[in-house]
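Down below is the structure, laid out as structure tokens.
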Amino acid sequence: MSLKSIKEIENNRSELELVIEKAVFDAEVMRVYKKNVVKMNVPGFRKGKAPKSIVEKMYGSGVFYDEALDNLLPSIYEAAVTESGIDTVSRPELEVISIDENGVLLKAKVYTKPIAEVSKYKELEVTKEKIEVTEEDITKEIDAVRKRNARTLTITDSAVVDEDDTVIDFEGFVDGVAFEGGKAEKYSLKIGSKSFIPGFEEQIIGKNAGDEFDVIVSFPADYSAENLAGKEAIFKIKLHEIKRSELPELDDEFVKDVSEFNTVEEYKADVTKKITERKEKVAENTLEENLIDELLANTAVEIPQPMIESEIDGQIKDYEYRLSSQGGSLDMYFKYTGMNMEQLRENFKGQSERQVKTRLALEKIITSENIKANEDDLEAEYKKIASGYNVDIETVKKSIPAENLSIDVCLRKAVDFIKENAIIK
């Protein structure tokens, strides 16, 4: 038995006294001696042949203790935690009290998982957004598809209008002097993109291909180039080309080209359905977030800092994965934002605290309501994950233990329980 005693030294922090029996410790010390003696030079003995007592006399009696403890402690500590029944949320702070004829006595201080006090989780009052799909919503959705299927025309018989694509030469002058970076030829500029100084693009509207003209603007006071900040500039422009997107007509032929439907009416009905489903999902997610807000307002719990730090670690790991999937990295992110790891961790702190508190509150509800995950629940969740990642369900089962999945299923059920028992207006 490795656990000698346990006591709570402060809220959510316990101290365990651990014992390693002398015979066990001595055997491990001997094993470490045999492993290391071959590398030791002891005068009067061939390499690897010096007796343990001679090595200890030369290097100190505890020469093999540290490695022996490192080897034994993981299993000893795990057994003690299991025996104690506590739920740890941090690595232990270990202290060796004594090593003598009684074996090894150690103390391990560790943070434990708190139990949340939830004063109310039934009849939480929230408001759900009423779903309404307008003609504007439908038109916007369909126009986006029309734009993706538009053809580009070169315009020669009319002037520039908003959203036209233009090809221009430009050169900028401040106080009559051309400035660095203010010149380009055959530059493609979409009108309305706001990629130039405010007022620049607007002055191209109304001009025709072949026109040469001046554009007068003022650089913003906070412009990055200090020599130009707040200054008035004159840009000499030559407009080479005007290109405009021509949207296809919304008719039955267009519908057949872009969908599985045959008529505009069928297509609009399907667009309406999809917008409704999308808005319903957003409203449902917002409802759940508001329910969680209400739940947390009725939850009291003191969260140990290691739990928050661990959640931050996970958030950063997920963020790093998302960056890498887009061809980026944290180093690149830090370079372009000027942030560092400490600042990034601080950014994730509030979100992480909320996540931990939410989980603790839901776990309390799971216990109070005896919520469990049955075989059908687990099978459905495995199928959902397999479908989402387009992999075989057996592969998912091998990579995600049922015990871990069961926790996630129960957390989801707890949220559903709150929703089912809420007062939703």
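The values are calculated or read from the model by the stated rules, or taken from the named source; none is laboratory data. Every value quoted in this text rests on a predicted model; they were computed, and no experiment measured them. A quick note on method: Cβ atoms are made from the backbone with ideal geometry, for glycine too, and the neighbour counts reach across all protein chains shown.
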Practice prompt. Scan region 45-68 and give yes if some residue there is β-branched (Val, Ile, Thr), surrounded by 14 or more Cβ atoms within 10 Å (Cβ to Cβ) and touching a residue at least 40 places away in the same chain (Cβ under 8 Å), otherwise no.
Written response: no
Discussion item. Pairs needed: first member in region 119-138, under 21 Å from GLU277 (Cα atoms) and in a helix (DSSP H, G or I); second member anywhere, at pLDDT below 95 and among the hydrophobic types (A, V, I, L, M, F, W, C); C-beta distance under 8 Å; at least 6 residues apart or different chains.
Written reply: none
Discussion item. Only one of GLU246, GLU253 is of a type outside the set (A, V, I, L, M), over 30 Å from ILE424 (Cβ atoms), exposed (fewer than 14 other Cβ atoms within 10 Å of the Cβ) and touching a Leu at 6+ places or on another chain (Cβ under 7 Å). Can you tell me which?
Written reply: GLU246
Worksheet item: What number of residues within region 160-194 satisfy the criterion of being of a type in the set (Val, Ile, Thr), without any contact (Cβ under 8 Å) to a residue 12 or more places away in the chain and outside any strand (DSSP E or B)?
Response: 0
Discussion item. Quick check on ALA373: is it of a type in the set (A, V, I, L, M, F, W, C) and not in a helix (DSSP H, G or I)?
Written reply: yes
Worksheet item: Only one residue in GLU353, GLU302 is exposed (fewer than 14 other Cβ atoms within 10 Å of the Cβ), touching a residue at least 40 places away in the same chain (Cβ under 8 Å) and charged (D, E, K, R). Which one?
Response: GLU302
Worksheet item: For region 28-44, how many residues are surrounded by 13 or more Cβ atoms within 10 Å (Cβ to Cβ) and not charged (D, E, K, R)?
Response: 8
Worksheet item: From the residues in region 96-106 that are surrounded by 15 or more Cβ atoms within 10 Å (Cβ to Cβ), of a type in the set (A, V, I, L, M, F, W, C) and in contact with an Asp or Glu (Cβ under 9 Å, 6 or more places away or on another chain), which one is nearest to LYS22 (Cα to Cα)?
Response: VAL104
Practice prompt. Please name all residue pairs, on different chains or six or more residues apart, with Cβ atoms under 9 Å, provided the first residue is in region 15-30 and is closer than 18 Å to ILE54 by Cα and the second residue is hydroxyl-bearing (Ser, Thr, Tyr).
Written response: VAL29/TYR65
Worksheet, complete the sentence: Sole miss for LYS140 among (1) modelled with pLDDT of 95 or more; (2) over 30 Å from LYS281 (Cβ atoms) is condition (2)
Fill in: Within region 189-205, tally of residues that are exposed (fewer than 12 other Cβ atoms within 10 Å of the Cβ) and either among the hydrophobic types (A, V, I, L, M, F, W, C) or within 20 Å of ARG244 (Cα to Cα) (or both)
3
Practice prompt. Please work out which one of (1) of a type in the set (A, V, I, L, M, F, W, C); (2) modelled with pLDDT of 95 or more; (3) surrounded by 15 or more Cβ atoms within 10 Å (Cβ to Cβ) is the condition ILE423 fails and give its number.
Written response: (3)
Worksheet item: Which residues, counting only those in region 69-95, are touching a strand residue (DSSP E or B) at 6+ places or on another chain (Cβ under 8 Å), surrounded by 13 or more Cβ atoms within 10 Å (Cβ to Cβ) and not in a loop (DSSP other than H, G, I, E, B)?
Response: LEU69, LEU72, LEU73, ILE76, TYR77, ALA79, ALA80, VAL81, GLU83, SER84, THR88, LEU94
Fill in: Test set (1) among the aliphatic types (A, V, I, L, M); (2) over 30 Å from VAL301 (Cα atoms); (3) under 24 Å from the mean Cα position of the chain (by Cα) - VAL356 fails condition number
(2)
